[in-house]
1. Which of the aspartates and glutamates could be linked to residue 112 by a straight reach, that is with a Cα gap under 13 Å, when you skip same-chain ones fewer than 8 residues away?
2. Give me the percent relative contact order of the chain, please, defined on Cα pairs under 8 angstrom at least 6 residues apart.
3. Just 150, 68, 184 to compare: in a GNM of the chain, with alpha carbon springs under 10 Å, which one fluctuates most?
4. Can you compute the modelled spin-label distance between residue 110 and residue 236, with each label point 7 Å from Cα toward Cβ, in nm?
5. I'd like the FRET efficiency for residue 84 and residue 148, computed as 1/(1 + (r/R0)^6) with the beta carbon distance as r and R0 of 30 Å, rounded to 0.05.
6. Where the only charges are on Cβ atoms (+1 Lys, Arg; -1 Asp, Glu), what is the dipole of the range 55-243 about its Cα centre, to the nearest 20 debye?
7. Using the beta-carbon distance between residue 121 and residue 223 and R0 = 41 Å, what value does 1/(1 + (r/R0)^6) give for FRET efficiency, to the nearest 0.05?
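Derivation of every value follows stated rules applied to the coordinates shown; laboratory data play no part. Keep in mind that this is a model prediction, so the values were computed, not measured. Heads up, the Cβs are rebuilt from the backbone with ideal geometry, glycines too, and the neighbour counts pull from every protein chain shown.
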Amino acid sequence: MPLIIDSLIFLVLAFTLHKLRQAHLLLFDLRDQSRQDNVTLFRQLEALQGLYTELDLRTSLPPTRGWAASPDFLLELARHARSAKPQTVLECSSGTSTLVLARCMQLNGAGKVFSLEHDHYYAEQTRQQLQRHGLQDWAQVLDAPLQSQALAGESWSWYELGALPSGLAIDLLVIDGPPQTTRALARYPAGPLLFPQLTAGAHVFMDDAGRSDEQAIVARWRQEFPMLTHATRVCEKGCAVLIKPI
Ligand SMILES: C[S@@+](CC[C@H](N)C(=O)[O-])C[C@H]1O[C@@H](n2cnc3c(N)ncnc32)[C@H](O)[C@@H]1O
């Protein structure tokens, strides 16, 4: 009998120690995660502050991060647009990025942003924001519903390009849509459908390049368009840049 009681006490103690160890490890994980979150958040705040300063914004931007591009990606876009002074910017998906790019065109005194938006509600939201910022002359949001398109023997749900001016020569292409939920490699069609319209020296910025899906898309583009050079920028969601040589 005493042996049974001793064994029971031992089991309870072993179980308690095991649980304590688990809680201890969890606390370390939480501490590391919380430190990393603070670093990331601080970097985004610095980038947001940089955007407001460098673009001399007097009207507040709609929310960044989450569905929208993050401040670090937007700052990369803004710095490129201010220095390269692209005449024609094409964007896949509208939102905060449209305002930032339109403001760059306004500060440059030249250029136009065309923004493809599949969702009519969000297209209207971005148009209203452009009006609110007095940027409506520098960017045009184009209703571009997703439609089934055949490419490379597969079917893709991608922007209908009917509203896009024909023969557009693209100096800057920003890819942040369609949403990943449409299908795997959802943003791949931008390569075969838009890269032939890139001008010499044109840049392509791809948001969310830290995701495996976007990495697979970039790898496929690099195989199909070997003349483009590839670079990355340090951004919380990842940023890939493809450049067409001059
Ligand atoms: C990645 S988001 C576009 C982000 C945009 N480039 C920006 O910087 O704001 C892709 C799509 O999500 C949709 N969207 C925008 N804001 C949204 C929100 N708050 N909730 C759900 N969907 C949203 C729009 O249709 C947009 O084309």
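1. Partners within reach: 91, 137, 171.
2. Contact order relative to length: 14 percent.
3. 150
4. For residue 110 paired with residue 236, the spin-label model returns 3.6 nm.
5. 0.30
6. On the way: 16 positive and 19 negative charges, 90 e Å.
Dipole size: approximately 440 debye.
7. Taking R0 as 41 Å, the efficiency between residue 121 and residue 223 is 0.65.
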